[in-house]
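**Q** Submitted below is the structure of interest, expressed as structure tokens.
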2 protein chains.
Amino acid sequence: MKIAVLGTGAVGRALAGRFAELGHEVAVGTRDPAATLARGGDYAAWAAERPQIAIASFADAAADADLVVNATSGTHSLAALDAAGAANLAGKVLLDVANEMTPADGLPLVGANETDSLGERIQRAFPETRVVKTLNTMNCDVMADPALVAGADHTVFVSGEDAEAKRVATELLEQMGHTDVLDLGGIESARGVETALAFWLRVRLAVGHNRFNFKIAR
Amino acid sequence: MKIAVLGTGAVGRALAGRFAELGHEVAVGTRDPAATLARGGDYAAWAAERPQIAIASFADAAADADLVVNATSGTHSLAALDAAGAANLAGKVLLDVANEMTPADGLPLVGANETDSLGERIQRAFPETRVVKTLNTMNCDVMADPALVAGADHTVFVSGEDAEAKRVATELLEQMGHTDVLDLGGIESARGVETALAFWLRVRLAVGHNRFNFKIAR
């Protein structure tokens, strides 16, 4: 597949690297590719070792892709997707893996609540795009390589309105090594997995690292 | 131990029954014991088969107990604990297993949020009581008999200010068959496990039953 990963941060890099490893044709989308590369730092160093992964504007990356991944920071996701352009996203599967949070004294505050979520806001803003909320309930290294934790014996969730889009997402997740993909229903269920960040953050403090994941024992 | 279980609903019955089975001396606390028994229904039928389990007022049950369990509905918990009486709760370990939620169109709305939780409100209202938030992240049958799910290979959390109280709680949880007791830290971390109810409710819809639990794979 041709996959556009929007976002050059740790999440974007982890997923883009993994998709390329699996043989997909990957472009990373960013606001200003020249500026991202000129800045040096994490992205430039990472990209220099992966010449097969393209970098492009949000719009160019999305236009070319079969499937788009929103790996931007949750507070900037809608702006990034606006820059990608509704026409470039129309009809496509969009995996939204973002979490919205704002700094606070102590743990960051989660943007989602029980009456709305980022996944739903994205679906409302881009009604012709087939949004699947997924992967946001774990650290990005675990997203990309689930075998890092407990032999991949843990759970990833998919939420979305479009059954075929969830099927495509599930197939890609399984290709990445996820062994238990649980369909939570419509995009409304993104409220469940996005508010779970408040739970995740506290478990992270307790276990002392981020190489863990939720498993639904059943 | 002498254990008072406050609450005659499904949660209270599941826990009281299990504690009695494990050899503890159990009293169930309710607002008006005579009225509870006279009403007939679930409690009276359940109690008739368990003559060794006493029923008493909230205050009498708490006064007699070494350890108290808040198994009332979350929206009524503070009133029930007020009825139990601060003096009767002072110095004691109080396991708070309650969830606060209010009916809504669709799924109920969770009372806890990222800035406060029932566990914290109880600890603030009863500063001399050693509150441990625990068990609220699973169905009551699984609370009482964790082996019902995946051979008990799943996680239960404890949150509280008092390390000794958490040790007592952990010992009791292990006696009940819980195999992975994860200390989340102070009572503030009740926000994590209480807001997780929004996640739990959606997982329940997806799996189609409530015989499941969160496991922290790590």
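The values are calculated or read from the model by the stated rules, or taken from the named source; none is laboratory data. Since the structure is predicted, the reported quantities are computational estimates derived from the model, not experimental observations. Don't worry about glycine lacking a Cβ; one is built from the backbone with ideal geometry, like all the others, and counts go over all protein chains shown. Side chains are part of the model used for accessible areas, which takes the heavy atoms of the whole protein and leaves out ligands, DNA and RNA. Shrake-Rupley method; radii C 1.70, N 1.55, O 1.52, S 1.80 Å.
**Q** Residues with beta-carbon under 10 Å from that of A:K2, excluding A:K2: net charge, scoring Lys, Arg +1 and Asp, Glu -1?
**A** -3
**Q** Follow-up question, since we're still on this one. In debye to the nearest 20, how big a dipole does region A:2-207 give about its Cα centre with +1 on each Lys and Arg Cβ and -1 on each Asp and Glu Cβ?
**A** 340 debye
**Q** Here's something else I'd like to know. Taking a ≥ b ≥ c as the square roots of the Cα gyration tensor eigenvalues, with a/c under 1.5 meaning rounded and otherwise prolate when a/b beats b/c, else oblate, which class fits chain A?
**A** rounded
**Q** Kindly identify region A:116-218 as rounded, prolate or oblate by the Cα gyration tensor criterion: order the square roots of the eigenvalues as a ≥ b ≥ c, call it rounded if a/c is under 1.5, otherwise compare a/b with b/c, prolate if a/b is larger, else oblate.
**A** Here region A:116-218 falls in the oblate category.
**Q** Given the rule -39500 (n - 2.57) for each run of at least 4 DSSP H residues, summed and divided by the residues of chain B, what is its mean residue ellipticity at 222 nm, to the nearest 500 deg cm²/dmol?
**A** -11000 deg cm²/dmol
**Q** In whole Hz and in residue order, list the ³J(HN,Hα) couplings for region B:2-19 that follow from phi through the Karplus curve 6.51 cos²θ - 1.76 cosθ + 1.60, θ = phi - 60°; x for Gly and Pro.
**A** 8, 10, 9, 10, 8, x, 9, x, 4, 5, x, 5, 4, 6, 4, x, 5, 4
**Q** Go through region B:153-203 and name the GluC sites (Glu not before Pro) that are in a DSSP coil and have 16 or fewer other Cβ atoms within 10 Å of their Cβ.
**A** Filter output for region B:153-203: B:E161.
**Q** In this model, which of A:K215/B:K133; A:K2/B:K215; A:K92/B:K215; A:K2/A:K166; A:K166/B:K215; B:K92/B:K215 are farther than 27 Å apart at the alpha-carbon?
**A** Violating the 27 Å limit, Cα to Cα: A:K2/B:K215; A:K92/B:K215; B:K92/B:K215.
**Q** Quick one: Cα centre-to-centre distance for region A:1-72 and region B:182-218, in angstrom?
**A** What the calculation gives is 34 Å, centre to centre.
**Q** Among B:L67, B:L22, B:L184, which one shows the biggest mean-square fluctuation in a GNM of chain B, springs joining Cα atoms closer than 10 Å?
**A** Per the Cα network of chain B with a 10 Å cutoff, B:L22 tops the list.
**Q** To continue, here is another question. Among A:T129, A:V26, A:M1, pick out the residue whose Cα is farthest towards the positive end of the charge dipole of chain A, where Lys and Arg carry +1 and Asp and Glu carry -1 on C-beta, about the Cα centre.
**A** So the residue furthest toward the plus end is A:V26.
**Q** Per residue, how much accessible area does the protein assembly as shown show when a 1.4 Å probe rolls over the protein heavy atoms, in square angstrom?
**A** On a per-residue basis, the protein assembly as shown sits at 38 Å².
**Q** Accessible area lost on pairing A with B, both sides, 1.4 Å probe, Å² to nearest 100?
**A** In total, chains A and B hide about 2700 Å² from solvent.
**Q** Moving on to the next point. Under a crude label model (7 Å from the Cα following the beta-carbon direction), how far is B:D32 from B:A45 in nanometres?
**A** 2.3 nm
**Q** Also: Pick from A:P33, A:P51, A:P108: which is most flexible by mean-square fluctuation in a GNM of chain A where alpha carbon atoms under 10 Å apart are linked?
**A** Sorting by GNM fluctuation, first place goes to A:P51.
**Q** Give the calculated FRET efficiency between A:N113 and A:A10 to the nearest 0.05, with a Förster radius of 22 Å applied to their Cβ-Cβ distance.
**A** E(calc), rounded to 0.05, equals 0.30.
**Q** First compute the accessible area of region A:2-207 with a 1.4 Å probe, then give the percent of it belonging to carbon and sulfur atoms.
**A** 50 percent
**Q** While we're here: Between A:D141 and A:A86, what is the FRET efficiency for a Förster distance of 30 Å, r being their Cβ-Cβ separation, to the nearest 0.05?
**A** For R0 = 30 Å, the calculated efficiency reads 0.40.
**Q** Classify the protein assembly as shown as rounded, prolate or oblate, taking a ≥ b ≥ c as the square roots of the eigenvalues of its Cα gyration tensor: rounded when a/c is under 1.5, otherwise prolate if a/b is larger than b/c and oblate if not.
**A** Prolate.
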